[in-house]
């Protein structure tokens with residue numbers, strides 16, 4: 001009996017030891033399971049990271065491939081763009097030439113009798129369609145009937161008909177030279193990227209001709225500190241970079257229409273793409289289009305007649321508004337030709353008509369990081385400049401700044417409108433779309 005009890009106790013002790021061992025084994029199993037779960041989680045994280053790295057490598061490879069293609073084929077693309085621009089410019093020049101305009105009323109009369117609307121300048125043409133349009137115009141009866149006019153022009157003394165054209169041609173040649181320099185600079189960017197301080201983004205200060213962009217540039221040069229040394233002011237020095245830089249580029253450029261003395265839409269497209277990708281900012285400067293129209297007419301007629309490329313502004317070119325109105329009244333047909341984009345005004349190069357100028361302004365306001373009205377700068381220059389500092393992330397003590405307003409007179413066109421009936425009729429005769437666009441950008445007529 002005693003022996004059986006001893007054996008039973010031994011068995012109980014063994015069972016207790018086995019139970020303890022089992023608990024230890026189960027605990028070890030739980031720890032192993034936890035470790036395994038942790039390891040699996042880390043493995044999944046590593047796999048996800050590897051997938052992301054693989055995706056990035058593919059993106060870098062694609063970017064490198066595109067960069068190589070751009071480096072190997074820039075001349076081809078530029079040649080195609082230049083060819084398209086030349087063909088479209090020729091269509092515009094022919095369509096708005098005096099030879100083609102002379103018989104337009106007759107053509108519209110015939111079209112009306114045939115049940116068609118008045119003829120309108122073709123836009124958005126492909127290269128093939130543009131060439132067909134050129135051939136159609138040059139082979140038309142209307143073009144042949146106006147041949148004597150062109151012959152008379154050619155019979156004029158060479159000095160009378162070529163001096164302005166030579167100046168314009170010289171300016172066009174200088175523009176092409178600047179374009180070549182800019183292209184060379186962009187290729188050099190691959191070998192030596194532009195400087196970047198901190199988190200700076202490339203800044204583009206763009207304005208159409210006659211909008212007061214120079215005033216904004218002067219404010220920046222005088223008040224943004226060290227960043228000012230990276231500012232380049234010239235249409236032909238505008239460059240596009242593959243990433244953010246501290247550079248500031250300022251000049252004239254268009255989004256849709258090719259125009260003399262302004263960067264091509266292809267350049268602006270690259271600027272807008274950089275803005276969309278987040279490594280550049282676009283500051284657009286504009287003013288009332290009719291004020292710009294008057295300023296631009298004065299500048300270009302002075303440039304053509306006097307070979308003077310420095311615009312002093314209406315305030316300095318005329319003793320007062322009465323003198324400007326008298327000049328406009330006396331030379332209104334010339335002004336109207338300029339406003340309509342008549343190629344004969346500059347004797348060759350295409351420039352923006354007034355409706356195109358307004359349309360370009362609308363397009364910029366839809367795309368710019370910051371839009372500045374010159375009129376607002378006249379009212380409170382410090383407030384407007386603070387917007388620039390904020391966009392550029394420039395650390396400035398604005399309370400210490402004393403900024404002069406622009407010297408341009410606000411809404412001068414209103415006084416001219418009251419004193420020159422034909423100018424008032426010109427405004428009233430603008431097409432409905434242009435009037436609506438002027439109102440859309442915040443101005444009245």
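The values are calculated or read from the model by the stated rules, or taken from the named source; none is laboratory data. Every value quoted in this text rests on a predicted model; they were computed, and no experiment measured them. Cβ sites come from the backbone with ideal geometry, for glycine too, and all protein chains shown count toward neighbours.
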Notebook entry, point to check: Can you pull out the helices (runs of 4 or more DSSP H) entirely within segment 66-158 that have at least 2 residues that are modelled with pLDDT of 75 or more, within 30 Å of residue 359 (Cα to Cα) and out of contact with any strand residue (DSSP E or B) (no Cβ under 9 Å at 6 or more places or on another chain)?
Noted result: 74-95, 98-102, 104-113, 127-138
Checklist line | Qualifying residue in segment 339-349 (condition: buried (at least 16 other Cβ atoms within 10 Å of the Cβ), under 17 Å from residue 289 (Cα atoms) and in contact (Cβ under 8 Å) with a residue 40 or more places away in the chain) | finding: yes
Item checked: Which numbered condition residue 435 misses (of (1) over 22 Å from the mean Cα position of the chain (by Cα); (2) closer than 30 Å to residue 279 by Cα) -> (2)
Next item on the list: Identify, by number, the condition in (1) out of contact with any helix residue (DSSP H, G or I) (no Cβ under 8 Å at 6 or more places or on another chain); (2) part of a loop (DSSP other than H, G, I, E, B) that residue 276 doesn't meet.
Entry: (2)
Next item on the list: Among residues belonging to segment 405-423 that are more than 24 Å from residue 362 (Cβ to Cβ) and either at pLDDT 90 or above or not assigned by TED's automatic domain parsing to the domain that holds residue 360 (or both), point out the one that is nearest to the chain's Cα centre (by Cα).
Entry: 405
Notebook entry, point to check: Is segment 244-263 home to any residue that is at pLDDT below 90, in the same structural domain as residue 414 (by TED's automatic domain parsing), crowded, with 19+ Cβ neighbours inside 10 Å and not in a loop (DSSP other than H, G, I, E, B)?
Noted result: yes
Item checked: Flag if residue 328 is in a loop (DSSP other than H, G, I, E, B), modelled with pLDDT of 90 or more and in the same structural domain as residue 417 (by TED's automatic domain parsing) -> no
